[in-house]
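The values are calculated or read from the model by the stated rules, or taken from the named source; none is laboratory data. In this text the structure is predicted, and so the values were computed from the model without any measurement. Neighbour counts are summed over all protein chains in view; Cβ atoms, including those assigned to glycine, are modelled from backbone coordinates with ideal geometry. When the accessible area is computed, the model is the full protein with side chains, heavy atoms only, and any ligands, DNA or RNA have been set aside. Shrake-Rupley method; radii C 1.70, N 1.55, O 1.52, S 1.80 Å.
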Amino acid sequence: MSAADLGIAFGRVAFVMLFVLNLGGLLTWVERKQSAIMQDRIGANRASIFGFRLLGLFHPLADAIKMLTKEDFRPARADPFLFGLAPFVSVFCALVAFASIPFGDVLRVAGREIPLQAVTLNVGILYVFAMLSLGVYGVMMAGWSSANNFALLGGQRAAALMISAEIAIGASIMGVVMIYGSLNMMDIVRAQGRLFWGWLPAWGIVTQPLAFVLFLTAGIAATKRIPFDTPEGESEIIGYFIEYSGMKFGMFAMADFLETVVIAGMTTALFLGGWQVPYLVPDGFRFPWGGAVALPHLLVTLLQVGAFVVKVCAMIFVMMLIRWTLPRFRYDQAMRLGWLGLFPLSILNIVVTGIGLLLWGGRA
Amino acid sequence: MAHAAFFVVAAIAVVAALGLVLRRNAIHGALFLVVNLGAIAVLYQTLGAEFLAWAQVIVYAGAIMVLFVFAIMVLIPGKEETGPDPRRAWRLLALPAGALLFLQLIFVVRGARGGAGSGAPSVGGGVESIAGLLFTRYLFPFELTSVLLLAAMVGALLLARRRV
């Protein structure tokens, strides 16, 4: 492996990691500002550096400094190793899950073909799903190792919720896999570039509308945020991270934000065409009404990466809207929704998709 | 490079397996098993069996072991859970049974080394080849397994049903 290859691999990983980390950090600000706008308040605007407030953008920075300088407390009867490990497991699983989500098509530079994706995996969709399902260990370890019955109950609520959500996630993405005929996320996104009747992009939301709703609902449940925040319930019931303080508590909050980014990325890649821009083909725009605009390769790639980022941000915005609109589901309501609502409907979706593929033959 | 990676991962798997057997704390044991399953999945991935690797992580580490840990958390809350084992004498069976299994494994490994012609047909680890084998050559055992799982599920429902 030459130095250039190594540099390219490093660049791909670094782009995804910085994208996810920075977006996750920015979400603390988005959450405050968006809720303020929705509730007709001004929102966070007090943190300032030399009098510059910059719409409150310094608040995430102030948060980080506060978290890092707080006392790192550990209960006397806690399991020391697992108590320390739990937040790292949570953050790690959320952070690496994004690795096989493609953020652009192949970039050609100086005779090299660089797939714009941190890790190229033939079963990428399974990889993301596996990492999401491992994230629950951090929460369970936190709940159990705190030596606190309230934390234990929170950890159990989290485990039950995430299992029910993940089954629905796994079953709802099966329809997408059947339609596009691949487990490779890059292939799935590429297959969504085709057009129905010459004008309608074959995005997942068009071919699998039910799976889109099911996946988004289950995905929001998997992030453990309102309306599915029974594991934490920070305002009145008590959650799995009750014994955590300082940056370890911050890491659990960060893991939730990172999972939001991952779910938004998955939704974008599977249902919203990933990096596809409607009517943009490798050599420029080709409109169904006959017009065509030739564009250089680099500009096309930039447009695609930009489209991916915009779509992810839009999905996060929608998830935040839901978070500030709905009240929390009761525990039994969340369980009922997962097992009796989402799961049977995803199975039904698989059956209907299979029948459809049999009748109309071939794949979209 | 690949060899070194194999030995590192294999060492992790063995240490995790030992941890599972030797730890008194049931939660620690279960978490060691998760680490072990993950290490085995890495070995699958390095051998080119991508689908098997990630299916193992999802099914075993991500679903079954979560339920195990969940059950242990519900049923065994403290560290002082293990009293004297009522069937302590049964443990004496462990040594001969383990030795038998080890011997069997040695024979299997020696047989597999003999050549590619023996045993199962060698195909790639891709999804298509696995699916092709499952739904053509091994269709009957595959369907039989699903019936077995269904029977187990019905049995679990029966056991869990409240006595009226």
Here are some residues: A:Asp187, A:Asp256, A:Asp229. Which one is among the acidic types (Asp, Glu) and not in a helix (DSSP H, G or I)? A:Asp229
Quick check on my filter: what residues within the stretch A:133-148 are more than 8 Å from chain B (Cβ to nearest Cβ) and either open to solvent by 10 Å² or more (accessible area, probe 1.4 Å) or outside any helix (DSSP H, G or I) (or both)? A:Gly135, A:Ser146, A:Ala147, A:Asn148
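Is at least one residue of the stretch A:178-199 touching a Lys or Arg at 6+ places or on another chain (Cβ under 7 Å) and not aliphatic (A, V, I, L, M)?
Yes, that holds for at least one residue.
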Of all residues in the stretch B:3-34, how many are open to solvent by less than 70 Å² (accessible area, probe 1.4 Å) and within 30 Å of A:Ser182 (Cα to Cα)? 3
Taking the stretch A:34-54 and keeping residues out of contact with any Gly (no Cβ under 9 Å at 6 or more places or on another chain) and touching a residue at least 12 places away in the same chain (Cβ under 8 Å) leaves A:Met38, A:Gln39
Conditions (1) open to solvent by 90 Å² or more (accessible area, probe 1.4 Å); (2) closer than 30 Å to B:Gln45 by Cβ; (3) out of contact with any strand residue (DSSP E or B) (no Cβ under 7 Å at 6 or more places or on another chain); (4) free of Cβ contacts under 8 Å to residues at least 24 places away in the same chain; number of the one not met by A:Arg108: (4)
From the options A:Leu183, A:Leu121, A:Leu153, residue that is more than 14 Å from B:Gly62 (Cα to Cα), in contact (Cβ under 8 Å) with a residue 40 or more places away in the chain, open to solvent by 30 Å² or more (accessible area, probe 1.4 Å) and within 11 Å of chain B (Cβ to nearest Cβ): A:Leu153
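Out of A:Glu166, A:Glu113, which single residue is without any contact (Cβ under 8 Å) to a residue 12 or more places away in the chain and either more than 12 Å from chain B (Cβ to nearest Cβ) or assigned to a helix (DSSP H, G or I) (or both)? Walk me through how you get there before you give the answer.
Working: A:Glu166 fails: without any contact (Cβ under 8 Å) to a residue 12 or more places away in the chain.
Going through A:Glu166, A:Glu113 in turn, the sole match is A:Glu113.
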